[in-house]
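Read the structure below first, then the notes.
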Amino acid sequence: MSENKTQQPGQPATVSAAAEATGGINAGNFIETAIDEELFRFNSDDTPLMQLMLRAKRVKVDSPEVDHYMIDEPVAEVTTNEALTAGNRTHAPLPLEARDQNVLRTNATVLVPDVDGYDESGAQRTPGKPLMLFVTGHDNVSGNPVVRAVNGQKDSPADEECVLPDIPKGSRVVILANSLYETQKEVDPDLVVPQATRIYLQKRGMNQVVSDYFDSQRKRIPFSKAIIAEQAIANFKVRGNRTLWAGRQSKFKVSVPRMGMQHIYTTEGIRWQFRRELQMNTRWTVEKIIALAKMFFTGEDVPKSALLLAGKNLLEQLQTIDYSKHPEIQLTTRTNSVGWVVTSLHTVFGDIDIKREPTLDRIGWSNSGALIGEDRLVHYVYSAEHSFSDRMETEEATRSGILIWDALALKGSCHIWIDGEGDTGSSTAMRTIMWEGDKAPSKDIVEGNYFYLLEPCREISDEAQAGQIWFGTLVGGGGIGPTIEWQRYA
């Protein structure tokens, strides 16, 4: 280890100590104590996530505990969780998951693309023209919406109501506008009850102690910002940036002398906030890049821009893809709105700006990255960033520093964590695997995963086409073990 000593954050700065730290340079060539916003933002390329937080929507709160709502765009469709076998009924409950039952309100109209409707006479099916349903109310027992067919089968063209056709399990139900009767003016309000997530704001701080004699030498300083202050702030920033990525949320008490018991809060890193994760343990191709762009830009929550913060190994893989067979996919270098020089990848779905995030390498996520919508971040602030300068009792010295009490939270569901390490992140996240080949996934990887098909897969279903997402459920048992029941997600 080198014998050279350097000024460490939190250690007192005296003339003798500073002179020793810099190899014996005389007093008067070091720092001034002021630490301003400009210095706090320096070396922004080393802490990209922190810079994004400083640019994000700022929300001042009056508590270190915040109820955060990841409100998305309104739900566009739901999926039946059981088959509807109508028999000869004109009205029947449409089987849905409990979370989706109240999304369909009375007077709503919905489309079932997987089921053909009938012509105006109700006698002939109309292939390619799907079944439309009208919601008449909700079933008192199951809670499911009760529906009638708008373009179903009729025994006679004069019949007032249609007979419901059978609707298979896993059928998509696309939500359309409501439809009111002639004199109606009252209608059920849309049910929007978002689930709050409790976010803790973490208080972070940095101190420097400067003796009066050292401070008196500032008039002879040849520059305004010195290496010692810069190194202290750089250390403060990179550690804070790691917390923004990987910190785990907690709240506990500590005993403070003369102050009693006080709470300490630690905030949740955004790594654990993602709703969608893409498992990528295979080599990247152009087709997978296009699929990633499609997943990001065509969901219910569509951001204005895409920024991929990547570890060094992921960055290398993306850079070495053979793009020669896809001239429409362009890689260009430009300066983005943050002021970074980024590699911009152009696809028909939208452009992805790629930027290296050194913190991911330091944490051990070099094969991973985060595709983030820059306009979908929230910076909660309980105590705004501020500096202080206090006289130390019994010492001829001043303690100065920075205090921040804040948290970063993801808004919406557009963000995608690209996991190249084989880790499991949030238990509530939708984990997607890019699937190649005509063989269906095996039973040991089906549970809990969604599969983005890069080519048709007949073993899953005759209707399983490239670009679709499917998921499987293990059912049954017996001598041959459980079987996989496949359903289309999107």
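The values are calculated or read from the model by the stated rules, or taken from the named source; none is laboratory data. All figures in this text were calculated on a predicted structure; none of them were measured in a lab. We place every Cβ from the backbone using ideal geometry, glycine too, and count neighbours over all the protein chains shown. Accessible surface is based on the protein model in full, side chains and every heavy atom, while ligands, DNA and RNA are left aside. Shrake-Rupley method; radii C 1.70, N 1.55, O 1.52, S 1.80 Å.
Descriptive notes on the structure:
- Phi-based couplings in Hz for region 86-96 (Karplus 6.51, -1.76, 1.60; Gly and Pro marked x): 6, x, 10, 7, 9, 10, 7, x, 8, x, 9
- Long-range amide H partners of residue 356 with built H, under 5 Å: 310
- Computed from the C-beta positions of residue 59 and residue 445, the FRET efficiency with R₀ = 56 Å rounds to 0.90.
- Whole-Hz couplings from phi, Karplus 6.51/-1.76/1.60, listed for region 198-206; x for Gly and Pro: 7, 10, 9, 8, 9, 8, 10, x, 9
- Our coupling estimate for region 434-449, obtained by passing each phi through the Karplus curve with A = 6.51, B = -1.76, C = 1.60 and θ = phi - 60°, is 6, 10, 10, x, 9, 8, 6, x, 6, 5, 6, 10, 6, 4, x, 10 Hz, Gly and Pro reported as x.
- With all protein chains in place and ligands, DNA and RNA left out, the 1.4 Å accessible area ranks 265, 181 as 181, 265, largest first.
- Dipole magnitude for region 78-192: computed about the Cα centre from +1 point charges on Lys and Arg Cβ and -1 point charges on Asp and Glu Cβ, it is near 220 debye.
- For region 311-346, applying the loop criterion from DSSP together with a ceiling of 11 other beta carbons within 10 Å to the trypsin sites (Lys or Arg not before Pro) yields 325.
- Computed over neighbours whose Cβ is under 9 Å from that of residue 204, the net charge equals +1, Lys and Arg +1, Asp and Glu -1.
- For residue 82, solvent-accessible area (1.4 Å; no DNA, RNA or ligand), Å²: 100
- Paramagnetic reach from residue 204 in region 237-265 [backbone N under 18 Å; point 7 Å along Cα→Cβ]: 237-251, 264-265
- Förster radius 25 Å - calculated FRET efficiency between residue 181 and residue 156 (Cβ-Cβ, nearest 0.05): 0.60
- Distant-in-sequence amide H partners of residue 147 (H built 1.01 Å from N, under 5 Å): 92, 94, 136
- Among the listed pairs 294/325; 129/154; 325/443; 294/355; 60/411; 251/304, those beyond 27 Å (Cα-Cα): 325/443; 251/304
- Rolled with a 1.4 Å probe across the full set of protein chains, the surface gives residue 379 an accessible area near 10 Å².
- If you sort 415, 326 by accessible surface, 1.4 Å probe, largest first, the order is 326, 415.
- Above 13 Å, the calculated P(r) of region 230-282 contains 72 percent of its Cα-Cα pairs.
- Full extension of the chain segment joining residue 125 with residue 196 gains 21.1 nm, where the gain is 0.36 nm per residue of separation less the Cα-Cα distance.
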